[in-house]
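> Let me give you the structure first, and then I'll get to my questions.
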Amino acid sequence: MELDVTRTSRVVQAIAGERARQRRIGYTTESDDAKGPAALVGYAVDHLTHLGEVSSSSAVRVELIQAAALIVAAIEFHDRTGT
């Protein structure tokens with residue numbers, strides 16, 4: 001099966017937009033560093049474990065994008081610190 005680049009691009013843009021939103025509301029590189037990657041991934045897991053409680057497919061997508069953005073934050077931590 002071939003990769004749908006357009007669909008993938010929209011998802012990646014949504015995740016980048018969520019990271020930008022997180023930063024605008026105060027979740028900065030410094031706050032990410034203070035929490036550490038395990039906490040960031042834990043927050044992502046929290047979003048994923050509540051998917052069954054979400055009532056619409058658009059709300060499910062929002063939760064998935066937020067979880068993915070938190071995982072990206074953990075990867076960014078790793079890239080910055082090498083740990």
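No lab work stands behind these numbers, since they all come straight from the coordinates. It should be emphasised that the depicted structure is a prediction, and the values quoted were computed from it without experimental measurement. Cβ coordinates were reconstructed from backbone atoms using ideal geometry, including for glycine residues, and neighbour counts include every protein chain displayed.
> Report every pair of residues separated by at least 6 positions or lying on different chains whose Cβ atoms are under 6 Å apart, first residue within the range 54-82 and in contact (Cβ under 8 Å) with a residue 40 or more places away in the chain, second surrounded by fewer than 19 Cβ atoms within 10 Å (Cβ to Cβ) and small (Gly, Ala, Ser).
From the range 54-82, the pairs are Ile65/Ala14.
> Now for a different question. Output the residues belonging to the range 3-32 that are exposed (fewer than 14 other Cβ atoms within 10 Å of the Cβ) and not in a helix (DSSP H, G or I).
Result: Leu3, Asp4, Ile25, Gly26, Thr28.
For every residue, the table says whether it meets (1) outside any helix (DSSP H, G or I); (2) under 13 Å from the mean Cα position of the chain (by Cα); (3) among the polar types (S, T, N, Q).
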{"position": "Ala34", "(1), (2), (3)": "no, no, no"}
{"position": "Asp46", "(1), (2), (3)": "no, yes, no"}
{"position": "Gly52", "(1), (2), (3)": "no, no, no"}
{"position": "Ser58", "(1), (2), (3)": "no, no, yes"}
{"position": "Gln66", "(1), (2), (3)": "no, yes, yes"}
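> Read through the list (1) touching an Asp or Glu at 6+ places or on another chain (Cβ under 8 Å); (2) crowded, with 17+ Cβ neighbours inside 10 Å, then give the number of the only condition that Glu63 fails.
With (1) touching an Asp or Glu at 6+ places or on another chain (Cβ under 8 Å); (2) crowded, with 17+ Cβ neighbours inside 10 Å applied to Glu63, the lone miss is (1).
> Related question: Inside the range 25-83, can you point out the residues that are closer than 22 Å to Val11 by Cβ and among the charged types (D, E, K, R)?
Answer for the range 25-83, where residues must be closer than 22 Å to Val11 by Cβ and among the charged types (D, E, K, R): Asp32, Asp46, Arg61, Glu63, Glu76, Asp79.
> Can you give me the number of residues within the range 26-61 that are under 16 Å from Val72 (Cβ atoms) and among the aliphatic types (A, V, I, L, M)?
7
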